[in-house]
Amino acid sequence: MKTVATLALALCATPALADGHLPDLDGREIVVVTENAYPPLQFIDTDGNAVGWEYDAMAEIAARLNATITYENISWDAMIPAVSGAQYDIGMTGITIREDRAEIVDFSDSYMTSEMVMLVRGDEDRFDDAAGFAADDDLLMAAQPGTTPFYVGVYDVLDGDEANLRIQLMETFGATVQALRVGDVDLILTDGTAGNGYVEASDGGLKIIGEKLGTEDFGFIFPKGSDLVGPINAAIADMAADGTINVLNTRWFLDYKLGE
């Protein structure tokens, strides 16, 4: 994987403007790392293309800031340490903004707020909420270690024991969905946007049950002290103000059908 030197030079106090009101990065190459395993934010489609909400958003940000984007792929568990170590300029994979993570990486402003939901097989009738799942010791859930679904599962659904054997740890989000589909586990937690996408694509094979388990804000991550945070935040605000983010939401959460 490509290694990028730590960013050393900050933008000048009054940067040039790409279109009269946003910073102009003068064609700067920005290396973005992602997992490609969190539809509809970023994933590999049936034609083998890397696509999703975050790809479209990053392309729009690059156009507004006059930057060039190069993508690399990495597993979730390696992403935050790699970005913290300045191997990449930006990390994106639906990363929840959290105080503990902000100790080792910088976050952009939130570009999306989502709610955690319970995703189960379409024929599930043994439980219909978090309490019902927790009460049956034979039921299992899958999660990626260190993710928001993992912590919500531990502390909001189960007993607060991070070593609880009822949580099966898996490397990718896609693996957790597959484990649910084939019956190896009985529950996964995901944000509502991704969950709805999987339900729509499942032809009745999956469904969402119970109450939402809270909200989470997503942001891009950067090495600490990165000079890209300010320009990226300016572009996100610009996209929110002119309706571009709403257009992306409609494209990827309403119009796009996973698996088609």
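Specify which of the listed residues (G174, G205) is at pLDDT below 95 and either in contact with a Lys or Arg (Cβ under 6 Å, 6 or more places away or on another chain) or outside the structural domain of N36 (by TED's automatic domain parsing) (or both).
Values: G205 fails: at pLDDT below 95.
Only one candidate passes the filter, namely G174.
Would you mind stating whether G197 is under 21 Å from G122 (Cβ atoms), at pLDDT below 90 and either surrounded by 19 or more Cβ atoms within 10 Å (Cβ to Cβ) or under 19 Å from the mean Cα position of the chain (by Cα) (or both)? I'd like the intermediate steps shown before the answer.
Working: under 21 Å from G122 (Cβ atoms): yes; at pLDDT below 90: yes; either surrounded by 19 or more Cβ atoms within 10 Å (Cβ to Cβ) or under 19 Å from the mean Cα position of the chain (by Cα) (or both): yes.
The answer is yes for G197.
Go through the stretch 152-174 and report how many residues are surrounded by 17 or more Cβ atoms within 10 Å (Cβ to Cβ), without any contact (Cβ under 8 Å) to a residue 60 or more places away in the chain and outside any loop (DSSP other than H, G, I, E, B).
Number satisfying all stated conditions: 4.
Considering only the stretch 85-107, I want to know if a residue exists there that is aromatic (F, W, Y) and over 18 Å from the mean Cα position of the chain (by Cα). If you could, list the steps in order and put the result at the bottom.
The initial filter retains those residues of the stretch 85-107 that are aromatic (F, W, Y), namely 88, 107.
If we keep only those that are over 18 Å from the mean Cα position of the chain (by Cα) as well, we get none.
Checked against the condition, which is being aromatic (F, W, Y) and over 18 Å from the mean Cα position of the chain (by Cα), the stretch 85-107 yields no hits at all.
Please go through the stretch 194-213 and pick out each residue that is of a type in the set (V, I, T) and over 11 Å from M116 (Cβ atoms). Lay out the reasoning, then the answer.
Taking the stretch 194-213 first, the residues of a type in the set (V, I, T) are 199, 208-209.
Of everything in the stretch 194-213, those that are of a type in the set (V, I, T) and over 11 Å from M116 (Cβ atoms) turn out to be V199, I209.
Can you tell me which residue within the stretch 101-136, out of those that are more than 19 Å from N196 (Cα to Cα), in contact (Cβ under 8 Å) with a residue 24 or more places away in the chain and among the charged types (D, E, K, R), is surrounded by the fewest Cβ atoms within 10 Å (Cβ to Cβ)?
R126
Conditions first: (1) within 20 Å of L119 (Cα to Cα); (2) surrounded by 19 or more Cβ atoms within 10 Å (Cβ to Cβ). F220 passes all but one, so which condition is the exception?
So F220 meets the others, but not (1).
Which members of the stretch 62-81 meet the condition of being of a type outside the set (D, E, K, R) and out of contact with any Asp or Glu (no Cβ under 9 Å at 6 or more places or on another chain)?
Taking the stretch 62-81 and keeping what is of a type outside the set (D, E, K, R), we get 62-63, 65-71, 73-76, 78-81.
Hits for the stretch 62-81 are A62, A63, Y71, A78, I80, P81.
In the stretch 235-258, is there at least one residue being in contact (Cβ under 8 Å) with a residue 40 or more places away in the chain, assigned to a loop (DSSP other than H, G, I, E, B), loosely packed, with under 14 Cβ neighbours inside 10 Å and charged (D, E, K, R)?
Yes, there is a match, as at least one residue in the stretch 235-258 is in contact (Cβ under 8 Å) with a residue 40 or more places away in the chain, assigned to a loop (DSSP other than H, G, I, E, B), loosely packed, with under 14 Cβ neighbours inside 10 Å and charged (D, E, K, R).
Please verify whether V229 is β-branched (V, I, T), surrounded by 19 or more Cβ atoms within 10 Å (Cβ to Cβ) and in the same structural domain as R64 (by TED's automatic domain parsing), treating the condition exactly as stated. Before the answer, list the steps.
Working: β-branched (V, I, T): yes; surrounded by 19 or more Cβ atoms within 10 Å (Cβ to Cβ): yes; in the same structural domain as R64 (by TED's automatic domain parsing): yes.
Judged against the criteria, V229 is a match.
The values are calculated or read from the model by the stated rules, or taken from the named source; none is laboratory data. In this text the structure is predicted, and so the values were computed from the model without any measurement. Every residue, glycine as well, gets a Cβ built from its backbone with ideal geometry; the counts of neighbours run over all protein chains shown.
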